[in-house]
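Reviewing the structure listed below.
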Amino acid sequence: MASRVGTSWVGAWRNQFGSMLRIISDAEGRIEGTFETALEDSGFYGQTVQVTGFHAWIPL
């Protein structure tokens with residue numbers, strides 16, 4: 001039986017353009033956090049937007 005101990009999506013990631021994704025929760029297969037783009041030509045530049053998504057843990 002595989003274990004999920006120590007596996008978490010929670011954290012902060014910056015991409016090669018400087019945009020930032022912060023995940024604050026990954027409970028029960030749902031990811032929640034915020035995103036801030038570094039691209040000045042983006043329609044939401046300068047704003048923090050809420051993001052949600054889903055994940056499935058698959059044992060290897």
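The values are calculated or read from the model by the stated rules, or taken from the named source; none is laboratory data. All figures in this text were calculated on a predicted structure; none of them were measured in a lab. FYI the Cβ positions are ideal-geometry reconstructions off the backbone, even for glycines, and counts take in every protein chain you see. These accessible areas exclude ligands, DNA and RNA; they are computed on the full protein's heavy atoms, side chains included. Shrake-Rupley method; radii C 1.70, N 1.55, O 1.52, S 1.80 Å.
Look at region 12-37: where a residue is on the phi > 0 side of the Ramachandran plot and open to solvent by less than 40 Å² (accessible area, probe 1.4 Å) and a partner is modelled with pLDDT under 95 and assigned to a strand (DSSP E or B), sitting 6+ places away or on another chain with Cβ atoms under 7 Å, you get Gly29/Phe54. Does Ser8 fit the bill of being modelled with pLDDT under 90 and open to solvent by less than 90 Å² (accessible area, probe 1.4 Å)? Taking the combined requirement at face value, the residue satisfies it. Annotation: of all residues in region 41-57 being exposed (fewer than 11 other Cβ atoms within 10 Å of the Cβ), in a strand (DSSP E or B) and not aromatic (Phe, Trp, Tyr), the one that is nearest to the chain's Cα centre (by Cα) is Thr52.
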